[in-house]
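> Quick one: this structure, given as structure tokens, is what I'll be asking you about.
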Amino acid sequence: MSISTLVKRRGFRDLLIGQGVSALGDWMGTIAFMALALKLTGSPTAVGGILTLRLLPAALGGPLATKAVRKWDRRRTMLAMDAFRCLVIAAVPLIQSLWWIYLCAAVVEAASIVFLPARDSSIPDLVGDDDLSLADGLVLGSSYGTIPFGAGAFAAVAALPIATIFHLQLALVFWIDALTFLVSFSFIYRLRMLGAPTAPDEERQKVRFRDAFKIPLVRAVMPATAAVALGLGALFSLGIVFVRTVLSASDTEFGVLIALFGIGAVFGLGLLQLRRKRDPLFETRLGVAAIGGIVAVFSLAGNIWIAYVGALAFGAAASFTLASGMGALQSRLDGTDRVLAFAAFHVVIRLALSLAAIGAGVAAQLLNDVRWPFVGRLEPSRVVLLSCGLLTVLASMLVSERVASPHLKLASSQPTSETPPESPRASETAAS
């Protein structure tokens, strides 16, 4: 199936447009949170606190997502989280204090972790089973491919004379971000085929977040998910230190590096469309190994141009790998198991990303220059990045291909009633 065929499906097109607009605003808002923290305190440490506080919402988001499954269908979950995030973001400029910023950032992150499993588990109902990895890649591309555009939009809006309204710093940026959640809300509102519950009431009442890790396929995909986040976290934490102090690059060159990561994520979609039809779990394992190799080579870059190529390749490999892992979960699970799997997927990404970013930064601070065989003396940031790359390659071996075997039951080990077949209404919509 081609990209043009996928976007002709009205339900999927609505989801894709809404998520693209919302992601653009979300990246604007992420930068605005950090910029506002810096404006209020003048401390880079306060900016780092925005990232640190992502740990708590990631820990709470999984259980909250399962509570949403018990009470609401996926459409109502997404609508409620979009409306809630819109209100919180719109309120940020009104009470500008550091702890208010931290609280709002944490609350919005928790709501996002409730939203994302409902969104990702809905994609098979909107496109069918023809090419889930490509559909996932498009959604991921709309999320991460908008990084450079979100950064550019923030810079453009923040430079306007009216960016500070009624003496409220960056108010226009936050209110535009809030508006993008309303755009997403309007498109999701049209997805009425997602209104049916994914399982009977008695089965949904038994749902617990920890049951996600009893599903064999989830245990197979999680090492790959954590490995991708490990590489991302290390790059985000040490990227600016590496290019500024080791490669002697400017802030502008670092901005180009981040933009190339987003462009690479879009290129990853091309890889999904051009690849031969393979098992998504095999593709996930291959992608994780590629990511580890890219990070290792990136750490040894001698100039900014090699780092540019590494950023482009990393973005492509990351989007390819995550889309393949999502495709494996979507094609082999259904009902509440699918929603639970994606709750675990996003919680693991957030936790691993945060822990890797913090751990990489601390490790680089504590290390001195190290001499490695064959490569000679390495600066601390190079050592940490190279180590993360090699660990990621090793993590690819933990992705068990045995789980891909068709005879293995891919369901929770806890006895539950069978998930009912998909409603005819949803099947008709997916086929249209």
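Read-outs: derived from the displayed coordinates by stated rules, not from any lab. Keep in mind that what you see is a predicted model, and the values were worked out from it rather than measured. Counting neighbours? That spans all protein chains shown, and the Cβs are built from the backbone with ideal geometry, glycine included.
> How many nm separate the modelled label positions at Phe213 and Leu38, each set 7 Å beyond the Cα in the direction of the Cβ?
3.7
> Same structure again: Under 13 Å from a label point 7 Å along Cα→Cβ of Ala83: give me every residue in region 164-192 with its amide N that close.
182, 185-186, 189
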